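The values are calculated or read from the model by the stated rules, or taken from the named source; none is laboratory data. No experiment lies behind these values; they were computed from the predicted model shown. Cβ placement follows ideal geometry from the backbone for every residue including glycine, while neighbour counts extend to all protein chains displayed.
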Amino acid sequence: MSAADILAATMSAPPPAFDSDLSLRRAPAPTTVEGWTEAIMQGREVFPEGNLRAIRDIGQTIRDVKAAFERVGEGLAQFDKAQYLDSQNNLLQPGGQWKEYEARFQALAERSEYKASAASALLHQYNKAIMTDVDKSELPNLKKELQTFVEVCAYRLSFSVKCPSSTPDILPKKLGSRRADVKRMANEVEALGDDVRFFEGVIDEDLRKAGRRLEEQYGDGSAQQRSLAYHQGAVDSHKTDLERVAQGARMIASIWSMIATDMQALEIQLSDATDPDLPLTILFKKRIAMLRPTHGMLTAVCDVFYNQARGQ
């Protein structure tokens with residue numbers, strides 16, 4: 001579901017029993033990028049619980065995930081240092097895999113910041129053209145400017161070769177490649193969350209293997225087994241941090257998935273509005289007006305995402 005769909009559902013009339021309550025708390029839908037940004041940051045009732053509200057706290061989410069990575073890593077470092085073996089004399093070192101996951105998250109966080117910044121800058125460049133009413137005499141220039149926007153999107157956002165204006169029929173495909181790029185970003189973050197959830201089982205299995213080896217070698221109640229119990233306690237104390245990492249990754253993935261969906265909506269509306277075969281009529285102005293909720297919301301989402309994630 002896109003942000004626009006979520007908003008539409010939120011703004012629809014609630015059951016009669018709740019009308020009086022919600023009417024007092026619900027704010028009107030913003031009409032500018034600045035209004036959308038303010039609404040996200042203030043957590044107004046115009047937004048439902050979920051992705052949009054989570055964007056406001058994305059910086060804290062990234063900090064929490066990084067801190068959780070460090071705490072789990074400390075526990076695993078103690079386990080690795082003890083150099084436990086399994087029954088086949090294989091060295092059990094789960095800490096190395098955890099460091100790889102941590103490096104993946106750091107790289108994804110940095111890419112997220114960059115992508116949000118690039119999208120925000122481009123959307124702001126055409127904010128005035130989309131969000132401002134113009135006189136009828138200015139419609140030809142507006143249409144030409146927005147056709148340029150489509151071409152710029154194809155070049156700067158899809159990282160593909162710029163499409164000539166003489167071949168507008170392939171522009172949606174070019175814009176779609178950018179959406180696919182954003183969707184891949186969402187999938188990569190989600191995959192990291194899945195790997196972390198699976199990794200909990202890997203740690204438990206390594207502990208069991210080490211325990212079996214020590215029992216075979218030293219018997220029950222040995223000092224080595226007591227040492228393993230200590231290390232197991234250190235690892236187990238961070239199980240909630242494993243889930244915190246997985247949840248944080250899932251939240252970031254859901255935000256990127258939402259952005260991809262809204263980009264698709266903007267792509268379709270923008271391509272329809274700037275169709276060179278359509279005459280310039282009052283319908284053109286209406287189509288541009290229909291772009292505004294998606295454009296305003298998407299711009300604000302990218303702004304807030306970048307500003308909150310920057311430097312985390």
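Quick notes on this structure:
- Note on segment 229-247: among residues that are hydrophobic (A, V, I, L, M, F, W, C) and modelled with pLDDT under 90, the one that is farthest from the chain's Cα centre (by Cα) is Ala234.
- The set of residues in segment 44-85 that are under 14 Å from the mean Cα position of the chain (by Cα), at pLDDT below 90 and aliphatic (A, V, I, L, M) comprises Leu52, Ala54, Ile55.
- Segment 262-285 residues that are under 25 Å from Ala180 (Cα atoms), paired with ones that are of a type in the set (Gly, Ala, Ser) (beta carbon under 8 Å, 6 or more apart): Asp262/Ser2; Asp262/Ala3; Asp262/Ala4; Gln264/Ser2; Gln264/Gly176; Ala265/Ser2; Ala265/Ala4; Glu267/Gly176
- Any hit, segment 14-24, residues being at pLDDT below 85 and closer than 25 Å to Ala265 by Cα: no
- Tally, over segment 91-148, of residues that are basic (Lys, Arg) and more than 23 Å from the chain's Cα centre (by Cα): 4
- Residue selected from segment 191-249 under the condition of a type in the set (Val, Ile, Thr) and buried (at least 19 other Cβ atoms within 10 Å of the Cβ), by the criterion farthest from Lys66 (Cα to Cα): Ile203
- The residue of segment 270-282 that is farthest from the chain's Cα centre (by Cα), among those that are buried (at least 20 other Cβ atoms within 10 Å of the Cβ) and either among the acidic types (Asp, Glu) or in a helix (DSSP H, G or I) (or both), is Ala273.
- Residue within segment 119-126 that is surrounded by 13 or more Cβ atoms within 10 Å (Cβ to Cβ), outside any helix (DSSP H, G or I) and at pLDDT below 95 present: yes
- Tallying residues that are in contact with a helix residue (DSSP H, G or I) (Cβ under 7 Å, 6 or more places away or on another chain) and not in a helix (DSSP H, G or I) within segment 188-236 yields 1.
- Unique match (being of a type in the set (D, E, K, R) and within 14 Å of the chain's Cα centre (by Cα)) among Arg250, Arg287, Arg226, Arg213: Arg250
- In segment 70-118, the residues that are among the polar types (S, T, N, Q), assigned to a helix (DSSP H, G or I) and either without any contact (Cβ under 8 Å) to a residue 40 or more places away in the chain or surrounded by 19 or more Cβ atoms within 10 Å (Cβ to Cβ) (or both): Ser112
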